[in-house]
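Encoded as structure tokens, the structure appears first; notes follow it.
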Amino acid sequence: MASVSVSALTAVVGDEDLLVDRAVAGIVAAVRAEDPEADVNDLVPDQVSVGTLASVTSPSLFGERRVVVLRSAQDLTKDIVAEVTAYLNDPADDVVLVLTHAGGAKGKALLDSVLKAGATRIDCAKPKKEQERLTFVKGEFERAGRQVTRDAAQALLDSVGSDLREIAAACTQLVADTEGRVDADVVARYYRGKAEATGFTVADRAVEGRLPEALEQLRWALSVGTSPVLINSALAKGVRGLAVVAQPQRGVSDTDLAKRAQVPPWKLKDLRKQARSWSPSGVAHAMRVVAETDALVKGGGRDPEYALERAVLEIASARDRRG
């Protein structure tokens with residue numbers, strides 16, 4: 001197998017620990033593919049004192065390659081920064097030096113020096129936008145030789161949240177426990193215990209007028225112990241979102257509109273599509289229904305489950321309400 005070329009100096013820049021760890025692990029793996037006996041020193045600032053860098057980069061008795069990883073370079077003391085800067089002027093031939101840096105203003109002078117010395121830069125910023133996380137999910141499945149639909153990727157994020165390690169773990173678990181292309185139904189079955197995601201599924205089916213599916217999801221959610229209060233909260237959010245996007249919005253950015261609807265910006269596209277089939281009177285009726293149901297599921301009624309079934313029926317029916 002052909003060897004993998006590894007830069008003698010690499011700066012891994014960013015605040016997403018999972019991506020930083022993967023970048024470092026990839027470099028170590030590439031070096032060990034060339035030299036299985038390569039020595040690795042992976043050091044955090046507390047493990048680095050004056051003379052440490054000189055010690056781990058000094059010529060090896062056995063001649064093996066070495067990888068030296070300096071983590072969180074922005075937290076290194078001035079004395080250590082001076083040592084690193086001096087090393088950049090006379091690097092060892094058989095050492096691969098990797099520095100990780102959070103990417104902020106702290107310790108930027110050292111990062112600039114490392115990049116000026118010709119370091120390969122690997123960016124590992126935390127994904128902040130929904131689309132970036134969707135791309136990450138798709139990449140996780142592609143790495144495993146699997147396909148995932150966009151709806152499934154979105155459902156996975158809705159269920160797991162925004163922590164990248166949890167997202168990666170969820171992708172790994174789905175790859176291990178399922179076969180073929182992963183779609184939204186697969187994710188829904190696997191994460192059916194996630195109360196919030198389940199409630200939003202009920203809400204989406206109800207506002208889309210898909211009554212049989214909405215009732216099926218509702219009964220299933222209740223059967224596994226999802227709180228009626230959480231389900232009605234999701235219904236309320238779905239209806240409130242419709243009310244916001246159904247109104248004329250001149251000069252209002254999607255960011256501000258999403259804040260008003262209390263939804264992430266990516267959800268606006270779905271809300272607009274749903275709102276096309278709703279009249280103002282239908283939305284008003286649905287809002288009254290969720291307000292009444294809120295009181296019933298919080299102790300004002302004898303049968304919260306019946307109250308939710310009635311709410312789903314009323315909301316789905318209100319979709320075609322005119323006048």
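Computed values, structure above
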| read-out | value |
| --- | --- |
| Karplus-derived HN-Hα couplings along region 268-285 (A = 6.51, B = -1.76, C = 1.60, θ = phi - 60°), whole Hz, x at Gly and Pro | 4, 4, 5, 4, 4, 5, 5, 5, 4, 9, 10, 9, x, 5, x, 5, 4, 5 |
| Prolate/oblate/rounded call for the chain, Cα gyration tensor, a/c under 1.5 rounded | prolate |
| Computed lengthening from Ala125 to Ser162, 0.36 nm per intervening residue step minus Cα-Cα distance | 12.0 nm |
| Amide H within-cut-off set for Arg121, under 5 Å, with H built and near neighbours excluded | Ala11 |
| Cα-based shape type of region 9-123, given that a ≥ b ≥ c are square roots of the gyration tensor eigenvalues and the cut on a/c is 1.5 | oblate |
| Trypsin sites (Lys or Arg not before Pro) restricted to region 93-124 and DSSP loop, no more than 14 other C-beta within 10 Å | Lys106 |
| Gaussian network model of the chain, springs between alpha carbon atoms under 10 Å - residue of Ala214, Ala168, Ala54 with greatest fluctuation | Ala54 |
| Under-5 Å amide H pairs with Ser279, H placed in peptide plane, nonlocal only | Arg321 |
| Formal net charge of residues neighbouring Lys259 (Cβ-Cβ distance under 15 Å; K, R +1; D, E -1) | +1 |
| Candidate lysines - alpha carbon under 30 Å from Lys269, same-chain residues fewer than 8 apart omitted | Lys126, Lys128, Lys129, Lys138, Lys194, Lys237, Lys259 |
| Neighbour net charge for Pro127 - beta-carbon separation under 11 angstrom, K R +1, D E -1 | -1 |
| Cα gyration tensor category, rounded, prolate or oblate, for region 130-190 with a/c compared to 1.5 | rounded |
| In region 252-291, the trypsin sites (Lys or Arg not before Pro) that fall in loop regions by DSSP, at most 14 other Cβ within 10 Å | Arg276 |
| Sites Glu142 and Asp94, calculated FRET efficiency, Cβ-Cβ separation with R0 35 Å, nearest 0.05 | 0.50 |
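Here, each number is a calculation from the coordinates, and none is a lab measurement. Model, not experiment: these values are computed from the prediction. Methodologically, a virtual Cβ is constructed for each residue, glycine included, from the backbone with ideal geometry; neighbour enumeration extends over all protein chains shown.
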